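Readers should treat all values here as calculations from the given coordinates under stated rules, not as data from a laboratory. Small disclaimer: the values here were computed from a predicted structure and weren't measured. Note that each Cβ is placed from the backbone with ideal geometry, even for glycine, and that neighbours are counted across all protein chains shown.
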Amino acid sequence: MKKFIFLALLFSCGILSAGKIWFEVKTDKNPLSYKVGEKITFTLRLLEDGKPLAGKRVAWELWSEDGSLAAGEKASDEPVIIKTRLKKPGFVNIEAKALEPNGREIKGALILSASAGANVHKIQQTAAEPADFDSFWQEQKKRLAQVPLEYKLTPLESKLPNVKCWSFEIKCAGKYPATGYLYMPVNAAVKSQKAFVKFYGYSFSPTPREDVLGTGSIGVSVNRFGLPEGKEKDFYRKMQRTELKNFGFRNNRTPEESDFLFMALRGARVLEFVRQLPEFNGKDLTVYGGSMGGYQALSAAMLDGNVSQVSLYVPWCADLAGVTAGRFHGWRPEYCRGLDYFDPVNLSKRITTFISLTTGLGDRTCPPSGHLAMFNAIKCKCLLKAQQTDGHRVPSPGFESFTLKK
């Protein structure tokens, strides 16, 4: 009886609870360095708290951008080795799950997603850019310029003693203004501050308050949709069901009415606002965004034409026409020619400063082939970082990172 009580106490305290379970994945060479037709070998090991976990099952599936499919299941007692080839430039993706011996998925175990590419330097955008791409955007810049740069700043209590904070609303072309948060060091002198503008991924939730962005620089958090800040979560959820229903997935056949256009104009208007702040030093302006925020950051930088750095993490909708050539679909609006005006591949060609671009080799939402098409089209200096198992998911601990430079 005493032994039973002791074991019960151990379980209740979590001492005997299962540890963190994930997959370690290795390729036999740099996953960006394979050639078409060359054998690609993935080696998977199921780990618990960093140590091999035996007595389980590993179920895996393979998808390739040359159309190949495969699947298998094996005991976790030994590494799982998967061999494949690519018949054309592109990527192959492996997804694996950890199972109990009875076939049930192990609760809490990280699902693996990993990729490797062949002839990645030959991956090109699928659809030619519109012939009137530049004239289209010149007209949109004129459209924005017709709206006076008028704004309202509302002081807020800062979460940090050395930072001042405001919410802002700036007049913009289209139905919605540009909104978000502005942060700045207390007692910032005139023309003394660099600026960092951050855009966010697809979500119908309030803009994150990141007062820390105002530590040592001007910081800006930009609202995704131009909605007022400080509302209850139910307000944003209602907008998702009503006025903003299918945001980004609607009106794309008519570029002048697309949500992507108005995201770009709001982003450009925010950069225009930052440039006229007395504290801005007039030269150091970095834009950053992940996923949908990556598109917003890139399009704002393209319209501004003079940012000092563009930093992008798994940007959304790169090479949308790629699905017509067998590329991974991802989660994105269905391709139509109207979207070519907003494709990050076409936008990035117009950037003349430095671009930092991160792609996730575990990303099935914004697949890496689109980012490589983007990297190959970029004309300015660029550093591409490819992070294995990373992307729109929790990556495996200690994931590997690989780089390309131009």
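In nm, to one decimal, how far is the Ala54 label point from the Cys380 one, both placed 7 Å along Cα→Cβ?
Those two pseudo-labels are separated by 5.5 nm.
Please grab the % of Cα pairs in region 21-172 that end up more than 21 Å from each other.
Here the tail beyond 21 Å accounts for 64 percent of pairs.
Can you pull the Rg over Rh of the chain, Cα-only, Kirkwood? Could you put the intermediate results ahead of the total?
Working: Rg = 23.8 Å, Rh = 23.1 Å.
Radius of gyration over Kirkwood radius for the chain works out to 1.03.
Could you check the simple spin-label distance between Ser401 and Lys141, using points 7 Å along Cα→Cβ, in nm with one decimal?
About 3.4 nm, to one decimal.
Greater than 27 Å separation of Cα atoms is the criterion. Which listed pairs, Lys159/Lys405; Lys51/Lys74; Lys26/Lys381, meet it?
Pairs exceeding 27 Å: Lys159/Lys405; Lys26/Lys381.
In terms of Cα to Cα distance under 13 Å, which aspartates and glutamates are near enough to Lys191, apart from those fewer than 8 places away along the same chain?
Leaving aside aspartates and glutamates fewer than 8 places away in the same chain, those within reach of Lys191 are Glu279, Asp284.
For the chain, what does the helix formula give at 222 nm: sum of -39500 (n - 2.57) over DSSP H segments with n ≥ 4, over the residue count, nearest 500 deg cm²/dmol?
After summing the helix terms and dividing by residue count, I get -6000 deg cm²/dmol.
When the C-alpha atoms of region 29-93 are aligned to their principal axes, what extent does each axis show, in angstrom, from largest down?
For region 29-93, the Cα extents along the three principal axes come out at 38, 22, 15 Å.
For Lys175, which lysines qualify as cross-link partners when the Cα separation must be under 24 Å and same-chain residues fewer than eight apart are set aside?
Lys141, Lys142, Lys152, Lys198, Lys231, Lys233, Lys238, Lys245
Sort out for me the Cα centre separation of region 248-275 from region 173-218, rounded to whole Å.
So the two Cα centres are separated by 18 Å.
Can you give the three extents of the C-alpha atoms in region 296-348 along their principal axes, from longest to shortest, in whole Å?
Largest first, region 296-348 extends 36, 22, 15 Å along its Cα principal axes.
How big is D for region 144-293, in µm² s⁻¹ as a whole number, if Stokes-Einstein is applied with the Kirkwood radius of its Cα pairs at 20 °C and 1.002 mPa s?
Details: Rh = 15.9 Å.
Reported coefficient: 135 µm²/s.
Taking only the alpha carbons of region 166-227, what extent do you get along each of the three principal axes, in Å, biggest first?
Largest first, region 166-227 extends 35, 22, 15 Å along its Cα principal axes.
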